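Data first, discussion second: the structure below is written as structure tokens.
What follows is calculated from the coordinates using simple rules that are stated; it is not laboratory data. What you see is a predicted model, and the numbers here were worked out from it, not measured in a lab. A quick note on method: Cβ atoms are made from the backbone with ideal geometry, for glycine too, and the neighbour counts reach across all protein chains shown.
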Amino acid sequence: MPQFDPAFFAPQLFWLVLTFITLYFVMSTVALPKIGAVLDERQRKIDDNLDKAAQLKAEAEAAVAAYEKALAESRAHAQSVIKEASDRLAAEAETRNRELAARLADQVKAGEARIAEAKDKALANVRDVALDVAGATIARLVGSPADTARLEAAVAAALKEHGK
Amino acid sequence: MANPIEQFKIQPLVPLKVGSVDISFTNSAAMMVLSICLITLFLTLSVRSRALVPGRWQSMAEVFYEFIAGMLRENVGAEGRKYFPFIFSLFMFVLFGNLLGMIPIPVIGFTYTSHVIVTFAMALVVFVGVTAIGFARHGTHYLRMFFPHGAPIATAVILIPIELISYFSRPFSLAVRLFANMTVGHIILKVMGGFVVSLGAFYVIPGVVPFAFLSAITVLEFGIALLQAYVFTILSCIYLHDAIHMH
């Protein structure tokens, strides 16, 4: 076998040493640092992105918390505003009701006074009408005008009798 | 049928001599030069774009890098970092030697890992290097390698020779494993190829059988090319681990 022929040992060893040392040199100074740098760069980028993502997540959570706090605050504020407004409206309605009731009572009183006045006037009219009717009736029946004083007394007595 | 041993023959392309030492540029040397050129081109051109999302070539270069870096990290640990370029070069050199040997290249086509002197030289570098690292880190305490802690003194008579033999057989097993695998694989391929030609020349049908077998063996040989490069490298890592951590 050619493998065991010592004549070929020297040239193979020489070229093996030469090529292997060259390869080692190229690998350790050029190729491996290059690939290593690419891998490190990628790892760094991934770590950076993860950090950034964590930071954004924290920010988002803070924003959500702030939003919820603002929401709760404004809800409480709205409640208080609503309560205040409804209290105020209730008070206003109360006073207005009271005013209205007072005005209505006044009007009722005035109305009653007017009614009484009208009644008195009507009663007075009734007396006059009765006097006229009675005078005319007597004049037709008797043929001569009635005595005014007696007629007035009779009408007053009749009115009194009817309780008017 | 061609002699299946002929493929291992060294053919000087440019005869050179320094003094009485023959350093001719042979087909073996040509393949070594070709393989280091291809390795360098592959690993530098593929990461030239330094893409954040790697393309196919860059992915492959990164896979090789991370594969060997992972192997070294798992087997040796953090102290193995500084031997990474050596282990990586070793792996790529053996791998490309094995794989390029599978390609029938005119004139220079050759498998330098099928030569025991090449594999032995590499194994010896690993062995001597590992031993030197062991003594440099542990001093004479490194000799405890040959006699485990806690073993009764009386067993030293048996244990020490066994440990010595197993330690010193490392470069031989490392070298012979790779050389024998490559040699035998290529002989089988050649013999099968011969069958295909000689049987197929007479009858088409009988030629198909060895051809199918040859195809299967070729696939297997590519697997072996990868596996043997892996085995050579991982054993080097394990020896390095022993030298650094002592069992």
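Remarks
- Dimensionless Rg ratio for region B:1-62, taking C-alpha atoms and the 2.2 N^0.38 Å reference: 1.75
- One equal scatterer on each Cα of region B:7-139, no solvent, Debye formula: the resulting log10 I(q)/I(0) at q = 0.09, 0.11, 0.17 Å⁻¹ is -0.37, -0.54, -1.06.
- Along principal axes, Cα extents of region A:52-163, largest first, whole Å: 130, 19, 16
- Neighbour-count order for B:K9, A:K45, fewest beta carbons within 10 angstrom listed first: A:K45, B:K9
- Take each peptide in B:135-144, B:222-231, B:172-181, count the other Cβ atoms within 10 Å of every residue, and average; sorted highest first, the result is B:172-181, B:222-231, B:135-144.
- Proximal lysines relative to B:K190, as straight alpha-carbon distance under 27 Å, when same-chain residues fewer than 8 apart are discounted: B:K9
- Comparing A:I46, A:I21, A:I82 in a Gaussian network model of chain A where C-alpha atoms under 10 Å apart are linked, the largest mean-square fluctuation is found at A:I21.
- Within straight-line reach of A:K83, meaning a Cα separation under 23 Å, sit the following lysines at least 8 residues removed in sequence or on another chain: A:K69.
- All distinct Cα pairs of region B:105-247 go into the 1/r average, and the inverse of that average, the Kirkwood radius, is 18.1 Å.
- Reciprocal of mean inverse Cα separation for region A:15-114 (Kirkwood radius, Å): 22.4
- Against chain B, whose longest principal axis comes from its Cα atoms, helix B:84-101 is set at around 20 degrees.
- Among A:P33, A:P11, A:P145, residue whose mean-square fluctuation peaks in a GNM of chain A (springs only between Cα atoms under 10 Å): A:P11
- Cβ-to-Cβ counts within 10 Å put A:V26, B:V128 in ascending order as B:V128, A:V26, the fewest first.
- Dimensions of region B:6-245 based on its C-alpha atoms, expressed as ranges along the principal axes with the largest first, amount to 70, 51, 46 Å.
- Average projected area [Cα convex hull, the protein assembly as shown], square nanometres: 60.3
- Inter-chain shielding of A:35-41 (mean C-beta neighbours from other protein chains, 10 Å cut-off): 6
- Ignoring lysines fewer than eight residues from A:K119 along the same chain, the ones with Cα atoms less than 28 angstrom from its Cα are A:K109, A:K160, A:K164.
- Highest-fluctuation residue, A:A90, A:A37, A:A65 considered, GNM on chain A with Cα pairs under 10 Å: A:A37
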